[in-house]
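The structure appears below as C-alpha cells.
The values are calculated or read from the model by the stated rules, or taken from the named source; none is laboratory data. Treat the numbers as computed from the prediction; the structure is a model and nothing was measured. Cβ atoms come from the backbone with ideal geometry, glycine included; neighbour counts cover every protein chain shown. The accessibility values were calculated without ligands, DNA or RNA, using every heavy atom of the protein model including side chains. Shrake-Rupley method; radii C 1.70, N 1.55, O 1.52, S 1.80 Å.
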Amino acid sequence: MPQPSVILATAGYDHTVKFWEATSGRCYRTLQYPDSQVNHLEITPDKQYLAAAGNPHIRLFEVNSNNSQAVISYDSHTNNVTAVGFQCDGKWMYSGSEDGTVKIWDLRAPGFQREYESRAAVNTVVLHPNQTELISGDQNGNIRVWDLNANSCSCELVPEDTAVRSLTVMWDGSLVVAANNNGTCYVWRLMRGTQTMTNFEPLHKLQAHNSYILKCLLSPEFCEHHRYLATTSSDQTVKIWNVDGFTLERTLTGHQRWVWDCVFSVDGAFLVTASSDSTARLWDLSTGEAIRVYQGHHKATVCCALHDGADGASS
C-alpha cells in the first residue's frame, strides 16, 4: 500500500492509537495500546515509525504496515513518559518522564545510552535545532539545558516556582518559550556565548491564559510571512500569538474540554489539536475555523502527531 503523504495520528486514554486521513477525517487504522494511556506521539523524520509514549514504556510502531504490534519497546523508565522526540536524521530518540529522568536511546537497541537526572517529574523535553542540546522542564519549575557533547547540564533556570508544562524552540534556534501551570509563557532569546553554551536572554513574559497551559508550540520554518506561537489550555481554547510583539492573533474555540496538544502543518497554515472532549480538530489559521473534527476515540484525546512534510531529514 502506498505511503500516505500526510500522516496524522491521535491517542489518549482509551488505549488506542488512531491514524486518520487528514482531509476527509476518516480513521483508517486503529492500534491497541493495552498497557496504559498514551501521553505523547511522535513520528520519525522519515515517516516510517510512530513512537507512542505511555506508562512507563515507549513503543515504536510501523506507520505504513498492517502489523498492529509494536516493532520495539523501550522499557527503562519507571513512570509516565511525558516527552519523546527524534534527532533530525532519526539516528536517536530522546524521552522525558515523571520518574525525573531524560534519556537518550539508539533506535536499534532497546536500552538507553544516556540518562540525565532532573530530580523532579519531567513534563517536557525539546531538542535544540543544533541537535546537540536537550532542554527539559519539570514539575518544580526547573528548566535545564543538557549539553550532549559535554554530557552535562550546562544551564539551569527557574522562572517561577510552578510546574513547567511545555517548552518549544524556534526552528532557527533564536527563541525558546516555556509555558507553565499559571497560564504564563516566558520567552527568551537564545544567544550563543563565547563557549558553545547557550545563554538565555529574557525577552517577554506573556500572560496567555488564566489557567493551565498544556502545550506551547512555535510555528515551523516554512510558515508564510508570520511567526506564531500556539498555546493550548485547560480553559478549552487555543490561542495563536504573533511572535513579533506577542499580540493575540486568534482564539480558536470549539473544544468542549481541556486542549492538551497541538501541531502545525509544515507551512504553518493549519493546526491540529487534541482534547479531553475525545476529539481532535483541524483548524484553518487564516479564518480560525475548525474545518475537520476527528471523532472516534471514546475517552480523552491528549496527544496528536502530524507529518505532512517531505520524507527524510530535509523536512
* Could you say whether any residue in segment 293-300 is within 24 Å of residue 123 (Cα to Cα), open to solvent by less than 60 Å² (accessible area, probe 1.4 Å) and in a strand (DSSP E or B)? -> no
Heads up, the strands (runs of 3 or more DSSP E) in segment 29-135 (entirely inside) with at least 1 residues that are closer than 25 Å to residue 3 by Cβ and open to solvent by less than 50 Å² (accessible area, probe 1.4 Å) are 40-43, 49-53, 58-62, 72-74, 81-86, 92-97, 101-106, 122-127
Checked against (1) closer than 24 Å to residue 101 by Cβ; (2) crowded, with 24+ Cβ neighbours inside 10 Å, residue 10 satisfies every condition except (1)
Restricting segment 157-195 to residues that are under 21 Å from the mean Cα position of the chain (by Cα) and among the charged types (D, E, K, R), the one most open to solvent (accessible area, probe 1.4 Å) turns out to be 189
Over segment 243-290, the set of residues outside any loop (DSSP other than H, G, I, E, B), of a type outside the set (Phe, Trp, Tyr), in contact (Cβ under 8 Å) with a residue 40 or more places away in the chain and open to solvent by less than 20 Å² (accessible area, probe 1.4 Å) is 259, 261, 262, 271, 272, 273, 274, 280
The strands (runs of 3 or more DSSP E) lying wholly within segment 139-217 that contain at least 2 residues that are over 24 Å from residue 104 (Cα atoms) and in contact (Cβ under 8 Å) with a residue 12 or more places away in the chain are 184-192, 198-207
